[in-house]
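The values are calculated or read from the model by the stated rules, or taken from the named source; none is laboratory data. Only a predicted model underlies this, so the values are computations on that prediction, with no experimental measurement involved. Note that each Cβ is placed from the backbone with ideal geometry, even for glycine, and that neighbours are counted across all protein chains shown. Each accessible area value is taken on the protein alone, full model and side chains, heavy atoms only, with ligands, DNA and RNA left out. Shrake-Rupley method; radii C 1.70, N 1.55, O 1.52, S 1.80 Å.
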Amino acid sequence: MSTEPISSSRAKNLALALLAMTQFVVVIDASIVNVALPSVGSALAISQDNLSWVVNAYTLTFGGFLLLGGRLADLLGRRRMFIIGMVVFTLASLAGGFAQNEAWLITARAVQGLGAAVISPAALSIVTTTFSEGQERNRALGIWGAVAGAGGAAGVLLGGVLTEYLGWEWVLFVNVPIGALIVWQAPRLLKESTSGEAHRALDIPGAVTVSAGLALLVYTLVDASAVGWTSTATLLRGLGAVILLALFVAIEQRTRRPLVPFSIFRLGTLRGANVAGLLVGMSLISMFFLVTLYLQQVLGFSALQAGFAYLPLAISIIVAAGLASPLVTRWGFKPVLIGGLAFVAVGLAWFSQAGADGSYAGDVLGPSMLAGAGLGLTFVPVTIAAVTGTTPAEAGLASGLINTSQQIGGALGLAILASVANSSTRDAFDSGIRDAKVALTAGFHDAFLVGAAFAVAAAVLAFFMISSRDSRHHAEAAQRGDVDLPAV
């Protein structure tokens with residue numbers, strides 16, 4: 001491996017601050033546009049049916065190109081790809097803010113997602129190669145988790161404030177000065193590292209098939225609720241995604257230098273972490289969507305009020321993620337992950353009790369803080385587990401895998417829970433209920449319960465799939481300050 005170590009604590013902390021700021025921007029851009037959508041649709045004459053693609057275009061390319069982004073970081077240089085991704089992301093944000101029509105804005109959002117797909121795995125792999133495995137890395141990932149986990153909630157708040165006082169364009173323009181600062185500081189604060197492979201040839205067939213397959217899979221999932229799960233379009237797209245991903249597997253097994261060496265999946269803890277990450281994405285990313293709809297459609301909150309309603313949730317994520325780091329060092333990542341998932345499950349089940357005539361204090365505040373604490377306690381250990389036992393040369397790949405699992409899980413969970421909510425709401429109307437708030441709340445109840453079931457499934461699978469021995473060894477090594485953990 002080719003690496004320039006960052007030795008001083010101050011240099012490492014500055015590097016972490018820059019990387020955490022980057023991940024915060026990447027995460028909030030998946031949600032910051034949501035509350036601005038009515039203004040965007042009105043300003044650019046975008047139909048209600050097409051308005052969702054302002055969000056989906058970002059999600060599509062982000063989820064589709066994460067694995068490629070992670071492998072490029074390993075091969076071509078993590079700092080180099082980090083800077084390239086940030087330049088692409090920043091320029092796309094600028095272009096999106098100046099958009100004059102629907103196609104312009106959606107294209108800019110797609111390019112933003114492409115930049116984010118390069119940035120995110122590069123940034124996480126820089127964290128894992130900069131900070132030694134054990135207590136030091138646990139602390140760094142605790143800060144990373146706090147910032148990244150709070151990004152979804154902060155995006156709703158920031159989007160509401162910017163849209164209300166400056167206009168919808170600023171939900172995109174806000175990225176430009178931040179991106180410029182990061183690009184300026186990255187060469188000074190981050191050291192370059194690569195996998196050190198003698199041959200850096202990129203597996204082009206593998207890159208094309210996996211990126212196309214994942215992008216088509218995300219597209220199928222996000223559009224399924226609109227066109228129907230059993231529609232011809234959904235079935236054909238799903239079949240196309242399966243064929244492309246199967247072709248990718250066949251290519252990887254035959255090529256000498258694969259994009260994704262399948263030997264990495266021999267690590268049981270990595271497999272378990274990615275399965276848990278998929279289910280966490282399914283349960284939690286959709287939570288933000290459902291809670292926002294409940295606040296605005298049932299409780300009658302404005303976009304700005306809904307944004308501020310997320311403050312306690314964001315704070316609980318930050319506090320819990322900060323606590324997760326010492327807990328992982330003391331007890332190991334497995335029990336902390338399972339405990340966090342239990343909090344998420346209870347919080348989502350509590351949300352399912354919200355009433356059509358409810359209130360923020362009585363129906364939203366408590367479960368949002370509990371689910372937020374669960375998210376903070378979940379994100380840190382699942383990330384640590386996902387890179388435990390991997391070599392520094394595999395850092396970008398492992399980072400790309402866990403990011404991909406969470407993104408695909410988010411798209412799948414949102415598609416499923418939106419369908420559940422819509423179906424239950426229609427059933428309520430068909431049963432004779434005429435109060436729209438009552439019918440909507442019935443839909444939200446069922447969707448929250450399904451989300452809670454996803455969290456329970458994640459906890460059960462994490463218990464059986466993630467190695468207790470890996471978890472104990474990690475905690476023991478962190479307490480001793482021993483950084484050379486064996487891969488199991």
- prompt: Can you pull the accessible area of Met287 for me, 1.4 Å probe, Å² to the nearest 10?
  reply: 10 Å²
- prompt: For the stretch 420-475, what does the alpha-carbon gyration tensor say about shape, rounded, prolate or oblate, given a ≥ b ≥ c as the root eigenvalues, a/c under 1.5 as rounded, and a/b over b/c as prolate?
  reply: prolate
- request: Relative to the longest principal axis of the C-alpha atoms of the chain, give the angle of the C-alpha long axis of helix 78-97, reported between 0 and 90° and rounded to the nearest 10°.
  value: 20 degrees
task: Find the Rg to Rh ratio for the stretch 330-488, where Rh is the Kirkwood radius over alpha-carbon pairs and Rg uses the same atoms.
output: 1.10
message: Output the 0 to 90 degree angle, nearest 10, between the alpha-carbon long axis of helix 311-331 and the longest principal axis computed from the alpha carbons of the chain.
response: 30 degrees
statement: Taking the alpha-carbon centre of each part, the distance from the stretch 380-394 to the stretch 208-267 in Å is 24 Å
Note, ³J(HN,Hα) from phi for the stretch 14-19, Karplus 6.51, -1.76, 1.60, rounded to Hz, x at Gly and Pro: 5, 4, 5, 4, 5, 5
- line: One finds the C-alpha centres of the stretch 329-375 and the stretch 79-115 to be spaced, in Å, by 34 Å
- prompt: Roughly what percent of Cα-Cα pairs across the stretch 176-304 reach past 21 Å?
  reply: 68 percent
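For the stretch 241-291, state which chymotrypsin sites (Phe, Trp or Tyr not before Pro) are in a DSSP loop and have at most 11 other beta carbons lying within 10 Å of their beta carbon.
Hits after loop and neighbour filter: nothing returned.
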task: Keeping every protein chain in place, order Leu299, Leu221 by accessible area at 1.4 Å, biggest value first, i.e. largest first.
output: Leu299, Leu221
Only Lys, Arg (+1) and Asp, Glu (-1) charged, at Cβ; the stretch 201-348 dipole about Cα centre in debye: 500 debye
statement: Given the candidates Pro205, Gly281, Leu236, the one whose Cα lies deepest towards the positive end of the charge dipole of the stretch 170-282, counting +1 at each Lys or Arg C-beta and -1 at each Asp or Glu C-beta, is Pro205
query: Given a cut-off of under 8 Å on Cα pairs at least six residues apart, what relative contact order in percent is computed for the stretch 334-412?
result: 35 percent
message: Give me the dipole magnitude in Debye, nearest 20, for the stretch 70-193 about the Cα centre, with unit charges on the beta carbon: positive for Lys and Arg, negative for Asp and Glu.
response: 420 debye
query: Toward the positive end of the charge dipole of the chain, about the Cα centre and with charges on Cβ (Lys, Arg +1; Asp, Glu -1), which of Ala180, Ile466, Met86 goes farthest?
result: Ile466
task: Heavy atoms only, probe 1.4 angstrom, no DNA, RNA or ligands counted: give me Thr255, Thr378 ranked by accessible area, highest first.
output: Thr255, Thr378
- prompt: Just the accessible area per residue of the stretch 243-331, please: how many Å² with a 1.4 Å probe?
  reply: 44 Å²
query: Which whole-number percent is the relative contact order of the stretch 1-149 (Cα, under 8 Å, 6+ apart)?
result: 32 percent
task: For the stretch 244-340, give the percent of accessible area contributed by carbon and sulfur heavy atoms, probe 1.4 Å, rounded to a whole number.
output: 68 percent
- request: Place +1 on the Cβ of every Lys and Arg and -1 on the Cβ of every Asp and Glu in the chain, take the dipole about the Cα centre, and give the residue among Ile143, Gly63, Gly451 whose Cα lies farthest towards its positive end.
  value: Ile143
message: Can you tell me the convex hull volume per residue for the stretch 314-383, based on C-alpha atoms, in Å³ to the nearest whole number?
response: 68 Å³
field: Distance between the stretch 431-458 and the stretch 12-28 - C-alpha centres, whole angstrom
entry: 36 Å
query: Plugging the Kirkwood radius over Cα pairs into Stokes-Einstein for the chain, at a temperature of 25 °C and a viscosity of 0.890 mPa s, what D comes out in µm²/s?
result: 109 µm²/s
query: Share of the stretch 343-416's accessible area from carbon and sulfur, percent, 1.4 Å?
result: 70 percent
- prompt: Rank Val344, Val420 by accessible area, highest first, at a 1.4 Å probe radius?
  reply: Val420, Val344
task: Treat every Asp and Glu Cβ in the chain as -1 and every Lys and Arg Cβ as +1, leave all other atoms uncharged, and give the resulting dipole magnitude about the Cα centre to the nearest 20 debye.
output: 1160 debye
- prompt: Which whole-number percentage describes the relative contact order of the chain, with Cα contacts under 8 Å and a sequence gap of 6 or more?
  reply: 23 percent
field: 0 to 90° range, to nearest 10: angle between helix 468-480 axis and the chain longest Cα axis
entry: 60 degrees
query: For the stretch 218-374, what mean projected area does the convex hull of the alpha carbons give, in nm²?
result: 12.7 nm²
